[in-house]
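Note sheet for the following structure.
Bear in mind that the values in this text are calculations on the coordinates, not laboratory data. Note that the structure is predicted; figures quoted are calculated from it, not measured. Every residue, glycine as well, gets a Cβ built from its backbone with ideal geometry; the counts of neighbours run over all protein chains shown.
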Amino acid sequence: PLDDATVAALRPLARARTARACLRARPEVTREGDAYLDMSAWNKGYVWVNGHLLGRYWQIGPQQRLYCPRGWLKPGANEVLILDLHRTTPPRYAARRH
């Protein structure tokens, strides 16, 4: 599994990224609750929320939306790490309340 220290130590293999990206977002949560991450605009990869592996997604399916249980999100700042195997720039991602 990837922990914060491992992800922080990641460095690109070349200046021009051509295939993969590890991206970090810090969304603010105002209330606790279940949520979904809509990854349909992304290509193929993995998502972690606050250190928990949320799951895998793939643009052609079957998994494009990832369920995030209430206990994994906390009020205030949260950390979302996305490792996309085919994209180097981020599209918008959407969190949806259950």
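In this simple spin-label model, placing a label point 7 Å from the Cα along the Cα-to-Cβ direction at both Lys44 and His86 gives a separation of 0.6 nm. Computed extension gain for Tyr36 through Ile60, at 0.36 nm per residue and net of the alpha carbon distance, reaches 6.8 nm.
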